[in-house]
1. Relative to a virtual label point 7 Å from the Cα of Ala262 in the Cα→beta-carbon direction, which members of the stretch 160-177 show backbone nitrogen distances below 17 Å?
2. Across 10 Å bins from 0, what is the distribution of all Cα-Cα pair distances for the chain, in whole percents?
3. What's the longest bit of the chain with no exposed GluC sites (Glu not before Pro), using DSSP loop states and at most 16 other Cβ atoms within 10 Å as the test?
4. At 1.4 Å probe size, with no ligands or nucleic acids counted, give the accessible surface of Ser45 in Å², nearest ten.
5. How much of the accessible area of the stretch 110-159, probe 1.4 Å, is carbon plus sulfur, in whole percent?
6. Taking the full set of protein chains and a 1.4 angstrom probe, give the accessible area of Lys105 in square angstrom, rounded to the nearest 10.
7. Could you state the principal axis extents of the C-alpha atoms in the stretch 188-268, from the largest down, to the nearest angstrom?
8. ³J(HN,Hα) across the stretch 201-212 via Karplus (A = 6.51, B = -1.76, C = 1.60, θ = phi - 60°), whole Hz, x for Gly/Pro?
Amino acid sequence: MSSYKDIGVEKVGHVGTIEIRRPPLNFFDISLINQIADALDEFDSDIEIRASVLSAQGKAFCAGANFNDPARQEQEARAAKGDPADSLGPINHLYIQAVRIFRAKKPIVAAVQGAAIGGGLGLAVSADFRVTCPEARFSANFTKLGFHPGFGLTVTLPELIGRNNAELMFYTSRRVTGEEAHRWGLANELVSQDQVKPAALRLAGEIAECSPLGLVSTRATMRNGLADRVMAATNHELAEQTRLRATEDFKEGVKATEERRAANFRGR
């Protein structure tokens with residue numbers, strides 16, 4: 001297995017494992033998503049690997065993008081001044097890497113032991129299955145930031161939990177508990193927090209007992225066109241995010257989230 005900066009990659013029998021190592025919140029950026037996509041490409045090239053587990057260190061599975069990161073804030077400032085070179089180009093590149101994850105050929109089980117927020121929810125939903133616990137929280141919190149959903153969630157989330165439940169998550173930005181996620185079908189298994197990764201490994205191991213050729217063939221049928229639909233969705237999501245990122249409401253949403261208070265949105 002190759003060595004990566006922000007993820008741990010191992011092979012256990014016929015199961016490949018990817019562990020995000022940016023605790024405690026595991027915020028993502030282009031580099032992290034690229035590393036995950038590269039590791040999945042490596043698994044696809046390894047005839048011995050038949051399924052994979054995506055897990056994370058720390059208290060969160062992935063808390064999404066860190067809008068308070070100084071480097072991101074500098075990009076935001078340049079974009080606000082009208083520099084076309086900084087108008088969400090990095091996020092466009094991020095979505096290109098995200099689509100690579102959806103093009104992976106072998107089944108993926110996400111071990112969601114904590115919060116999966118915003119784009120972190122998108123990452124969890126990119127997997128075929130999710131194992132979670134009561135302490136986990138799932139949130140598409142984009143509208144609370146004054147933003148538009150991204151990471152292909154406008155396609156993937158409705159297909160997983162139904163359009164109306166997806167609308168509820170999008171329009172309220174509420175945090176859905178692990179129990180509720182399990183009832184909705186957002187998570188396939190609900191276990192105690194200390195058993196999330198072991199249960200994900202067991203599920204991946206059960207999958208890996210099956211024919212590798214049969215698995216790849218069946219998954220290709222079941223997910224036929226999904227990556228292309230996600231790519232089309234991220235193109236639209238990017239356009240809306242570009243427009244909304246320049247608004248006063250977006251700046252207020254990010255600030256209010258940082259300060260843990262209700263936002264004072266003004267519709268401009």
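1. Within reach of a label on Ala262: 172-175.
2. Taking all Cα pairs of the chain, the binned fractions are 7, 31, 37, 19, 5, 0 percent.
3. Details: sites that count: Glu48, Glu135, Glu209, Glu259.
Segment 49-134 is the longest.
4. Rounded to the nearest 10, the figure is 100 Å².
5. Numbers: 550 of 980 Å².
The computed percentage sits at 56.
6. Only protein atoms counted, so the area is about 120 Å².
7. Reported extents, whole Å, longest axis first: 55, 36, 13.
8. 3J(HN,Hα) across the stretch 201-212, in whole Hz: 5, 5, 5, 4, x, 5, 4, 5, 6, 8, 4, x.
The values are calculated or read from the model by the stated rules, or taken from the named source; none is laboratory data. On a predicted model such as this, the values are computed, not experimentally measured, just so you know. For neighbour counting, all protein chains shown are included, and Cβ atoms are generated from backbone atoms with ideal geometry for every residue, glycine included. Surface accessibility is based on the protein's heavy atoms, side chains included, excluding ligands, DNA and RNA. Shrake-Rupley method; radii C 1.70, N 1.55, O 1.52, S 1.80 Å.
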